[in-house]
Amino acid sequence: MRKVLILACLATPTPGLAGTWTAPEGCEAFMTVQSKGCRVSHYYKCSADAPGDQWRVDLDQEGPFFYSRINHEAEWVESYDPVKQVLDPNPADPASMTELLAEGMDTWSFSLSKEDGTGSRAEGYDRLTGKSVLIDGITLQQTEVDFTEYGRDGTVLRRSRGNEYVHPDWRLFFAGPGETDLGDGQWLPIDGSPVDFVFPGDKGFLSNQPLYDCDALTASLPVWRVSHEP
């Protein structure tokens, strides 16, 4: 949908000269994920945040282009792309990983506001398919996701549907294969599935270079939860 660099005014780190990304002061990175679609993501936690909150920064070949924070329920809290976007108070139907894991399905409906004065509403569901996948030695549960984002005037801004993956212990979702409609009625294939999970001490941890699909036309397409938590 778009590929933008995070502006310097966000006061967040940029790739270092040595080819690695550095977490903000007061924060500690705990995992790097190399994914399809020419994206590498770094996951980190910050001492100033509420318990259970986690951050993710996504990088393409030009550097960081998206930051997001979720809470213990994997509920989207805020993001920068580069405009700051926040979850509005009192969601009609909050997203809940606890409900998804306990009941096999979680519906959600919430509104979002950007610092430029615009806003939107997101509605959809996550459903466990009952299938598990093994990716780079990590077992993930497969989900089905269906998502629609509406403008404040009710216009459909974006729709996405397909599969994602969830790790219950990490309280994290990961993108998967699916398709997206950017508001023009044309469904485009997307696949941001993880390929490599890299942990502290492993080669490639905090690397600022994505490894997969970087010569493909799909490299610039969005992954839904990159924008929700899109």
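Here are the numbers:
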quantity: Surface share of carbon and sulfur [accessible, 1.4 angstrom probe, percent] for the chain; calculated: 52 percent
quantity: Highest to lowest packing among 27-38, 176-187, scored as the average C-beta count within 10 Å; calculated: 27-38, 176-187
quantity: Highest-first arrangement of 130-142, 54-66, where packing means the average Cβ count within 10 Å; calculated: 54-66, 130-142
quantity: Estimated 222 nm signal from helices in the chain, with DSSP H stretches of n ≥ 4 weighted -39500 (n - 2.57), rounded to 500; calculated: -1000 deg cm²/dmol
quantity: Prolate/oblate/rounded call for the range 48-137, Cα gyration tensor, a/c under 1.5 rounded; calculated: oblate
quantity: FRET efficiency, E62 to V195 (Cβ-Cβ, R0 25 Å, nearest 0.05); calculated: 0.80
quantity: Per residue accessible area of the range 49-102, 1.4 Å probe, in Å²; calculated: 39 Å²
quantity: Distance in nm between pseudo-label sites at E25 and Y43 (7 Å out along the Cβ direction from Cα); calculated: 2.7 nm
quantity: Full-stretch length increase - E123, R161 - with 0.36 nm per residue and alpha-carbon distance subtracted; calculated: 12.5 nm
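The values are calculated or read from the model by the stated rules, or taken from the named source; none is laboratory data. For clarity, every value in this text was computed on a predicted model and none was experimentally measured. Neighbour counts are summed over all protein chains in view; Cβ atoms, including those assigned to glycine, are modelled from backbone coordinates with ideal geometry. Please note that ligands, DNA and RNA were not included when accessible areas were found on the heavy atoms of the full protein model with its side chains. Shrake-Rupley method; radii C 1.70, N 1.55, O 1.52, S 1.80 Å.
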